[in-house]
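Some notes on the structure that comes next.
The values are calculated or read from the model by the stated rules, or taken from the named source; none is laboratory data. The structure presented is a predicted model; accordingly, all values stated were derived computationally and were not measured. Neighbour counts are summed over all protein chains in view; Cβ atoms, including those assigned to glycine, are modelled from backbone coordinates with ideal geometry. Just the protein is used for accessible areas: all its heavy atoms, side chains included, with ligands, DNA and RNA removed. Shrake-Rupley method; radii C 1.70, N 1.55, O 1.52, S 1.80 Å.
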Amino acid sequence: MRITDFEIYRDLLKQKSGLVLTPDKSYLLDSRLNPVAKKWNYPSIDAMTNVLRAMPSKELVNDIIEAMTTNETSFFRDTKPFDTFKNFVLPYFKAQAGRPKRLRIWSAAASSGQESYSLSMLLKEESATMPGWQYEIVATDISHEILAQAREGLFTQFEVQRGLPIQYLMKYFVQEQDRWRLKPDIRNMVKFEYFNLLEKMGGLGQFDVVFCRNVLIYFDQPTKKGVLENIAKQMPPDGLLFLGGAETVLGLTDAFAAVPGQRALYAKPDSVHCKKPAAASPGAQALA
Ligand SMILES: C[S@@+](CC[C@H](N)C(=O)[O-])C[C@H]1O[C@@H](n2cnc3c(N)ncnc32)[C@H](O)[C@@H]1O
C-alpha cells in the first residue's frame, strides 16, 4: 500500500474510532480491508481508497472501522476481575444500607458479549445473597456486526471452552447442533447498544460499576485520558472501574486512582475505596 493511502486509513480510524494504526501494523490493512472491498464490489483496495478519498459514505466508513477492530474476548477473561467483582464490589454495595438495591453496570467495549454475560451469570449465582436487588447491564461497542453476534448469545465449542466453568455451561446454555446458546433469562439481563467511546456519554446515565477492558490499549494517550475522564462523569462518587491487565490510569489522569490491594480496579481518588485508614497518633501508640 502506498504511504499516502496508509495515511488515509490511519487518519480515518483515529478520527472516527480512536484506534491508532502504526506503520508496523500496515500489513493488517491488506488482510482486513480485502473482504470490505469485496463486499462493496470494488475490484481492489486501491479502487476503494479512491472512493474513500473522493466521497466516503457513512456505511463504508463503518465497515472499514469494523474490519479494523480487534474483538478478542472470552468468558471470565483473566478470572481475577470477576473474583474481585464477586468478593469486593458486590459486598461493598450490599453493605450500603441507605442505597437503593439497584446496580447499573456498563461493559464499555463489549465485543461478542462474553464479558457482560459472565457478569449476568455471576449475578444470577449471587442472587440468593442479594434478595430484592435489581441489575441493569448495558453492553456497548462500536461494531454493529459484533453487537448483532452478541445479542444472539450463540457461541462455538471453542468459545465456551475458553474460561467458562463447565457447571455454568450445563446450567445456563442449551446445545444447538455444534453451538451453545445462552438461556433467555441470562441473555435478557444484558442490553446491547451501539456506542462509540469517543462520543459524549451523558445520554447513557450513571453507572455504579464500569468494565472498560482491553480497548484503551488501542488508543493514544490523549484519547485514553479523554475517555477515562468522561467515564468518571458517568459514575457516582463511590463507583468502581475495571480496566484490562495492560491498562492503567497512572500518568494519564487523576480522575481515578488504583484501589489499594485490588488489581485492575480503580475508583475516584477521594472515594471511600481509595481513602487510606487514618494513621494512629503517636499518643495512641504510646498508650498501647
Ligand atoms: C479486544 S475487545 C475487548 C472486549 C472485552 N472488553 C474484553 O476485555 O474481553 C475491544 C472491543 O472494543 C471495541 N472498540 C474499539 N474502539 C471502540 C470505540 N471507539 N468505541 C467503542 N468500542 C470500541 C471493538 O469493537 C472491540 O469489540
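Do any strands (runs of 3 or more DSSP E) entirely within region 98-195 hold 1 or more residues that are within 30 Å of Leu19 (Cα to Cα), and if so, which?
Of the strands (runs of 3 or more DSSP E) lying wholly inside region 98-195, those with at least 1 residues that are within 30 Å of Leu19 (Cα to Cα) span 102-107, 134-141, 154-156, 190-194.
Report yes if some residue within region 189-197 is free of Cβ contacts under 8 Å to residues at least 12 places away in the same chain and either out of contact with any His (no Cβ under 9 Å at 6 or more places or on another chain) or open to solvent by less than 80 Å² (accessible area, probe 1.4 Å) (or both); otherwise report no.
Scanning region 189-197, I find no residue that is free of Cβ contacts under 8 Å to residues at least 12 places away in the same chain and either out of contact with any His (no Cβ under 9 Å at 6 or more places or on another chain) or open to solvent by less than 80 Å² (accessible area, probe 1.4 Å) (or both), so the answer is no.
Give the number of residues within region 115-158 that are more than 18 Å from Phe195 (Cβ to Cβ) and within 10 Å of the ligand (Cβ to nearest atom).
Within region 115-158, residues that are more than 18 Å from Phe195 (Cβ to Cβ) and within 10 Å of the ligand (Cβ to nearest atom) number 1.
Return a yes/no flag: does region 101-109 have any residue that is more than 21 Å from Asp238 (Cα to Cα) and of a type outside the set (D, E, K, R).
Yes.
Answer yes or no as to whether Glu66 is more than 10 Å from the ligand (Cβ to nearest atom) and acidic (Asp, Glu).
No: the conditions fail for Glu66.
Out of all the residues in region 72-112, which are open to solvent by 50 Å² or more (accessible area, probe 1.4 Å) and near the ligand (Cβ under 10 Å from one of its atoms)?
Within region 72-112, Glu72, Arg77, Asp78 qualify.
Return the total of residues in region 210-234 being in contact with a Phe, Trp or Tyr (Cβ under 8 Å, 6 or more places away or on another chain) and either within 16 Å of Lys16 (Cα to Cα) or free of Cβ contacts under 8 Å to residues at least 12 places away in the same chain (or both).
The number of residues fulfilling the criteria is 1.
State all residues of region 222-256 that are assigned to a loop (DSSP other than H, G, I, E, B), within 13 Å of the ligand (Cβ to nearest atom) and not charged (D, E, K, R); if no residue qualifies, say none.
Once the filter is applied, which keeps residues that are assigned to a loop (DSSP other than H, G, I, E, B), within 13 Å of the ligand (Cβ to nearest atom) and not charged (D, E, K, R), region 222-256 yields Gly244, Gly245, Ala246.
With the condition being free of Cβ contacts under 8 Å to residues at least 24 places away in the same chain and among the acidic types (Asp, Glu), I'd like the helices (runs of 4 or more DSSP H) fully within region 1-78 carrying at least 1 qualifying residues.
3-17, 58-68
Can you tell me which residues in region 41-62 are more than 17 Å from Lys16 (Cβ to Cβ) and either loosely packed, with under 14 Cβ neighbours inside 10 Å or not hydroxyl-bearing (Ser, Thr, Tyr) (or both)?
Residues satisfying the conditions are Asn41, Pro43, Ser44, Ile45, Asp46, Ala47, Asn50, Ala54.
Could you go through region 211-221 and let me know if any residue there is open to solvent by less than 70 Å² (accessible area, probe 1.4 Å), assigned to a strand (DSSP E or B) and either more than 11 Å from the ligand (Cβ to nearest atom) or not aliphatic (A, V, I, L, M) (or both).
yes
Do you know which residues across region 128-152 are small (Gly, Ala, Ser), open to solvent by 10 Å² or more (accessible area, probe 1.4 Å) and either closer than 19 Å to Met201 by Cα or in contact with a strand residue (DSSP E or B) (Cβ under 9 Å, 6 or more places away or on another chain) (or both)?
The one that is small (Gly, Ala, Ser), open to solvent by 10 Å² or more (accessible area, probe 1.4 Å) and either closer than 19 Å to Met201 by Cα or in contact with a strand residue (DSSP E or B) (Cβ under 9 Å, 6 or more places away or on another chain) (or both): Ala148.
Of the conditions (1) touching a Lys or Arg at 6+ places or on another chain (Cβ under 9 Å); (2) in the same structural domain as Leu154 (by TED's automatic domain parsing), Ser111 clears all except one; give me its number.
Just one mismatch for Ser111, condition (1).
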